[in-house]
Amino acid sequence: MSSDSFKFSNAVVLAPLVAVLSIWIVFWVEVKFGINLNDYGVYPRRLSGLKGVFFSPFIHGSIAHLYNNTIPLAVLTAFLFYFYQSAALRVLVFGTLVSGLLTWAIARPSYHIGASGVIYLLASFIFFKGILAKHYRLVALSLIVVFIYGSMIWYIFPVKDGISWEGHLAGFATGLVLALITKVRVPEARKFDWEREDYKEEDDPFLQHFDEEGNFIETVTEEPEEQIEIKYHYKKSTEE
């Protein structure tokens, strides 16, 4: 990344806003018109179930399901578009499709719906990419994600009935793979003069204020005295 890295852009607000509005509008349409779109979810190993790869992240079974996915989706999407601007859209779109296909390949015969697979994709990518990048801000972001959403790791296993743990696992695995293969431009860490290979202590103006035992030496720069030169000009008198 350039010196403009980690700067706010419109996408940091627009991307989470679009994601959240999309899932809420779809749920509102279901409630308003009394329809059920669960058939548009991922149904594993059935050709008709492939449409769920595109539609399932927008479909939720209840208001509680929708609410539980809203805040993590908004927060993680904002993180992605702020810290990984160059790769954000690619990771979000490509990762969603791949995790959906993986869910279709490994999941139980049932309709799998919800944006939780995308949430696991984002959390996994942000965590592993930050650790691999080794940039202090990205590592700190990884730790924040672990602190806030670390408990989600248990739900990639079949610990609770009625939850698509396969979708969670697919999103988590996809995020890990994308973190390994996606190239991002990481800003160079700033180096101080004393960290450079060509650094010499004797040339450091600050260290010149200390002696060999570490005692401070006050150095006073003697300014040369200004020499005053007086010149006399004689003017011939015009009086006789």
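The residues on offer are T174, T103, and the sole one that is among the β-branched types (V, I, T), touching a Ser or Thr at 6+ places or on another chain (Cβ under 8 Å) and more than 17 Å from G41 (Cβ to Cβ) is T174. Residues in region 8-67 that are among the aliphatic types (A, V, I, L, M) and closer than 21 Å to T174 by Cα were compared, and the one that is surrounded by the most Cβ atoms within 10 Å (Cβ to Cβ) is V42. Here is the figure for region 83-93: residues that are assigned to a helix (DSSP H, G or I) and open to solvent by less than 60 Å² (accessible area, probe 1.4 Å) total 4.
Per the listing S56, S48, the residue uniquely assigned to a helix (DSSP H, G or I) and more than 22 Å from S22 (Cα to Cα) is S48. Of the residues examined, W165 is not one that is out of contact with any Cys (no Cβ under 6 Å at 6 or more places or on another chain), of a type in the set (F, W, Y) and closer than 20 Å to I71 by Cβ. Looking at the structure I just gave you, is V220 modelled with pLDDT under 95 and open to solvent by less than 100 Å² (accessible area, probe 1.4 Å)? No, not satisfied. The condition (being open to solvent by less than 20 Å² (accessible area, probe 1.4 Å), over 19 Å from I23 (Cα atoms) and modelled with pLDDT of 95 or more) is satisfied by just one residue among I126, I119: I126. Residue count for region 72-81, restricted to those that are of a type in the set (F, W, Y) and either modelled with pLDDT under 95 or over 14 Å from L14 (Cβ atoms) (or both): 1. When we screen G95, G100 for residues that are at pLDDT 95 or above, touching a strand residue (DSSP E or B) at 6+ places or on another chain (Cβ under 9 Å) and within 22 Å of V18 (Cβ to Cβ), the only hit is G100.
The values are calculated or read from the model by the stated rules, or taken from the named source; none is laboratory data. A quick note: this is a predicted structure, and the numbers were derived from the prediction, not measured. Cβ atoms come from the backbone with ideal geometry, glycine included; neighbour counts cover every protein chain shown. Quick note on the areas: whole protein, heavy atoms, side chains included, nothing else; ligands and nucleic acids left out. Shrake-Rupley method; radii C 1.70, N 1.55, O 1.52, S 1.80 Å.
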